Structures are given as structure tokens and as C-alpha cells.
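Here the structure is laid out as C-alpha cells; the discussion comes afterwards.
Each value in this text was obtained by applying a stated rule to the coordinates, not by laboratory testing. None of the values given here were measured: they were computed from a predicted structure. When we count neighbours, we look across all protein chains shown, and the Cβ atoms used for this are built from the backbone with ideal geometry, even at glycine.
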Amino acid sequence: MSPTSSPADSAAHAPTTRTARTTPPAPLASSLSAVRRARELAELADGGVTVDVLVVGLGATGAGAALDAASRGLSVAAVDAHDLAFGTSRWSSKLIHGGLRYLASGQLDVAHESAVERGVLMERTAPHLVRAQPFVLPLTPLVSRGQAALAWTGFRAGDALRLAARTSRATLPAPRRLSAVETRHFAPALRPSGLRGGLLSWDGQLTDDARLVTAIARTAAAHGARILTRVRVVALTGSGALIRDELTGAETEIRARAVINAAGVWAGGLVDGIRLRPSRGTHLVLRAEPLGDPPAGLHIPIPGESNRFVLVLPQGDGRVYVGLTDEPVDGDIPDVPEVPETDIGFLLDVLGTALDTTVGREDVVGAFAGLRPLLDTTADGAGHTSDISRKHAVLTSGDGVVTVVGGKLTTYRRMAQDAVDAAVSARGLTAGPSRTTSLPLVGAAPAAELTDLAAPRRLVRRYGTEAPAVHALGAAEPALREPVVPGHPVTRAELLWAVRHEGALDAADLLDRRTRIGLVPADRAEAAKAAEEVLASAAEG
């Protein structure tokens, strides 16, 4: 079966009705579930099967490497100690950047690569998950005319990057200048006093970064990759790994002809000689209504900085994210980074320089931080992490483990391709060239087809061609149409779909990664019972 599902495919898998619950549909080739996990882990146990490629880490890059290798015809096992998108990949700004920031800092290769990969996602591989998002840079009294001119030059250069990457104008509109009235239409909460207008630009925005990782992993599974969450690597070599099933505690060995370490900020703990300088990026979560439910994002210049901005990012679900910071992190790497009050205060202070609405600490309903796995290339580890290049690196250890680090979410596909190329070359594997620049992810389809789907627009933006099947779950059983949390759009049907097809094993998987309800602690607490009920119902069949 193709890794993508047409509307007809989705209808074929729509559940029938029975009194107590919906009958589970036959699993899709891309479906991830507890049953599939147990079966595939048993196949690998004690070297029962030697795979061509073992991938460690199931963030965007690791899942991307699994897809790249599997789509070349290689046998693949990909493991993660936790869940899909458990680490850095779910803590991003949810943006698919065109590389403007890197152009400004002279990193021309990174800028071009970012623009190319943005176009790949928006036009070929994930048009259901990535859309054009307008951003306004308000020309407040704190933005001098010289700074405005420099920013406008940058936006024009960013449009030139779009052209060089061959991304169509229909996908990303041209930047333009705005009047003060137009600026406040895009950003109603802006302070009108002294506002001279604004600069409008466009970039790619993900519906959800964790959903992107899930789609990549499921597409890899459709090509035969074994996607195994809750599997921790205890020891890693160039010929495989000793692993522990975190659900049972059982240890076993996986044998592989090539090994790719895509563990992100934890990569150095698996392979000697990998020196990283993690950088913390913090975001606040606010309710959208007090900010006028803005239709556009904002670039708010950081006072005293020439090329750094705080971003205001509307999510379309009643929430707005505000970020981000770039602070070095020393010491042990936590599973879930904490958000320091200093970061929260800094972001609120910058926000206050531009908004007419007062946003205080009590308005922050949630916050999250991610750690970027930046490769430390300095001699003494000194300097700001914001100065470290976002160019990725592929390193091969003495015993043949290929490690991929650095980079950013936008360029995950290219990072994965380079890592698989290195593994194939180092181990002499027989494989064709990468296919992932034109390989649609699960749910992808041309924009015209997505528009015609018989499902709510919100579901189409999250599930693409599978949206009708998700919607059909609620149609078959009214209880599944209920929102998990009042005022939040996610329904119980989406939780059930995540258990049946997206590999969710517990309530945290459902609330923190398959949906993002958990970003607001109060919402998470209210949704916990519904998540447990859906898990229990799915277990009963």
C-alpha cells in the first residue's frame, strides 16, 4: 500500500457501528500500535533478524533517517527510549524557516538549504501540515528608520531565497509594506501610539511539529521500517545495540549492518567524542482571545539586538506561543527541560514593548523549552550559542557508528539523507539514491484534493487525506465527537485514532505529543480522565 491514503482509502477503513463502541478498522500499512510494536520487537530479539540499518532516536531526524533508508529498500529498525517526538522536535516554534536569519549572519549554505527544504515540505511532502503564515514586523517608536530599512532589505532577500529554491509565489506571497491601519488588522493588540505601519513577510508554519514526526515515522513504517518506542539503547556499537524494553524491563540485542545515532542532545552519551553545546529555546503559551485572536504572527525586535526578535505565533486552536530564547545549557541533559522564570520574564518584557494589552505572569497558561543539539566546534566552549552555526554535521566513529547532529527542524530531511548516505558508504550497503524529496508523507495530497475532502478543515490540517476517517469515528459513535477539554477543539475520536494508528501507548503520548493539550497544565489535568478512558476502550477492542 502507498504510504499516503487517498479519500477512497480512508473511506474503506471507516469503522462500522455497534452498540458499545466502534469496531476497529483493519490497520493501514502505516499504522503503528502496541500490537505491531510487540510483534516487531520480538522479531528482532537476540539477533533473530539482522537489519541493514539501526536508527537510534525518533525525533524528526531519526524518523527521517528511518524513512530515507526504508524507501531505498533497506531493512530498518528505529528505536527511542521514550516516544515519537519526545525530545527537541516537539519543542520548536512550529515554523518551517526559509533561512533568512542565516542569510543575515553570512551562513549562505544553511540559508539556501533551509529555503529548499521549506519548499519540499510545503509543495511536495507535507502540504497538509505546513502552510504559509503571515508575519508582521511593527514599526514602533523603538524601531528606527534605519532598522526598518535593514529589515525590509532582509525580507526582500528572503524572497530571493524563495525564488532560488524554486518555491512558487502561490505558495509564499511577496513581502510588502503595511499602513498603520493594516498593521493593526493583522495584530489587533499592538499599541497604536507612534505606530508608523509594518512590514509583512511570509514563512512556513507547521500545524504541529510532533504531528510531522508522527507522519514521518508512519510513512517509514509503510515502507517496512520497524518503529519501536519505549526501547532504550543500553550500549551501542557499529554492529548493533544492547537494548531494554522499557515496558517490560527485558534486555536483548539488535544486530545491524549499519548504525545511525540520531539521539539529538543525548547523542554524546552513546558515542565517545561527540561534543555538543545545547541551547535552550523557551516559549510561553497564552490564550489568543486577550490578544485579539491575531491572524498573523509578529516579529518584535529585542531592544539592543540588531538581528534578534521575539516571535508571537498564533496556533489556530485558541492559543498563542511567544518565543524564543537562545541560552546555553550546561550539565546533565534532562528528559524534559524546565523553563526558568528568567526566560519568562524576558519574553514578557519584550512583548510589553509593542503591545497595548498588558500581558502579565498570570496570563502565562503554559510554557515549554527545547534544547537544540548544536555541535561545539570552538576550542574552549566559549561564546554565545546564538553564534554557533546551525549547519548539521555527520560524524563516523572508529567502530562505524554514524552520528548526525546540529541542524534544525526545517532541514531534518536533508540531515537524514546525509546520515543514510554516510552509513551506506561506510558499510558498503546496496541501496539506491534518496527518494525523500518527492515522497509524500502519510496524509499528504495536492492542495486542491485537500480542499475537497469531506471533513472539517481543522482535521484536514492535522490529518490530511486521513481526516475523513478520523471524522467518521465521531460520526459512528456520538461520544467520540465530544471535545476532550471544553473550549479546545481536540475530540475523543482523535485520541482513539492515535491509539489505533499513531503508536500512542499511554495518556502522556496522547496529551503531550499526538495532541498538544498538555502544553497547558490545567487543560492536561482536565483531559487526563478522557485519555485513560479511550486507552481502556481501545484495549478492550
Exercise. Using the alpha-carbon centroid of each, what span in Å lies between region 46-80 and region 156-234?
Worked result: 28
Exercise. If you add up the charges near residue 353, with Lys and Arg at +1 and Asp and Glu at -1, over every other residue whose beta carbon is less than 14 angstrom from its beta carbon, what do you get?
Worked result: -1
Seminar exercise, completed: Mean separation of Cα contacts under 8 Å (at least 6 apart) over the residue count of region 447-540, i.e. the relative contact order in percent, is 19
Seminar exercise, completed: Only helices counted: for the chain, with every DSSP H run of 4 or more residues adding -39500 (n - 2.57) and the sum spread over all residues, [θ] at 222 nm is -9500 deg cm²/dmol
Exercise. Which order, highest average first, do 321-327, 288-294, 75-81 follow once you tally other Cβ atoms within 10 Å for each residue and take the mean per peptide?
Worked result: 75-81, 321-327, 288-294
For this session: Do me a favour and compute the ellipsoid semi-axes for region 447-540 from its Cα gyration tensor, root of five times each eigenvalue, largest one first, whole Å.
Result: 22, 14, 12
Problem set entry | Gain on full stretching of the segment that runs from residue 160 to residue 451 - 0.36 nm per residue minus C-alpha separation | 101.9 nm
Exercise. Once you list every other residue whose beta carbon is under 13 Å from the beta carbon of residue 435, what net charge do they have if Lys and Arg are +1 and Asp and Glu are -1?
Worked result: +1
Exercise. Modelled label-to-label distance, residue 289 and residue 305, 7 Å Cα→beta-carbon offset: nm?
Worked result: 3.2
For this session: With N denoting the number of residues in region 130-218, provide Rg(C-alpha) divided by 2.2 N^0.38 Å, to two decimal places.
Result: 1.29
Exercise. What is the P(r) of region 278-369, as percent of Cα-Cα pairs per 10 Å bin from 0?
Worked result: 16, 50, 28, 6, 0
Seminar exercise, completed: Once the mean of 1/r over all distinct C-alpha pairs in the chain is inverted, the Kirkwood radius in Å reads 23.8
Exercise. Rounded to two decimals, what is Rg over Rh for region 218-310 when you use alpha-carbon atoms and the Kirkwood radius?
Worked result: 1.17
Exercise. By per-residue mean of other Cβ atoms within 10 Å, what is the highest-first order of 115-124, 478-487?
Worked result: 115-124, 478-487
Exercise. If you take the alpha carbon radius of gyration of region 395-456 and divide it by 2.2 N^0.38 Å, what ratio comes out, to two decimals?
Worked result: 1.60
Exercise. Given 472, 41, 396, which one lies farthest toward the positive end of the charge dipole of the chain, if we put +1 on the Cβ of every Lys and Arg and -1 on the Cβ of every Asp and Glu?
Worked result: 472
Exercise. Do you know the relative contact order of the chain, to the nearest whole percent, from alpha carbon pairs under 8 angstrom that are 6+ apart?
Worked result: 23
Seminar exercise, completed: Here D for region 65-128, in µm²/s, from Stokes-Einstein with a Kirkwood Rh over Cα pairs at 10 °C and 1.306 mPa s, works out to 112
Exercise. For residue 191, what charge total do you get from the other residues with a beta carbon under 13 Å from its beta carbon, if Lys and Arg give +1 and Asp and Glu give -1?
Worked result: +1
Problem set entry | residue 246 paired with residue 333, simple spin-label distance in nm, labels 7 Å along Cα-to-beta-carbon | 1.4
Exercise. In what sequence, highest mean first, do 512-524, 295-307 appear when ranked by Cβ atoms within 10 angstrom?
Worked result: 512-524, 295-307
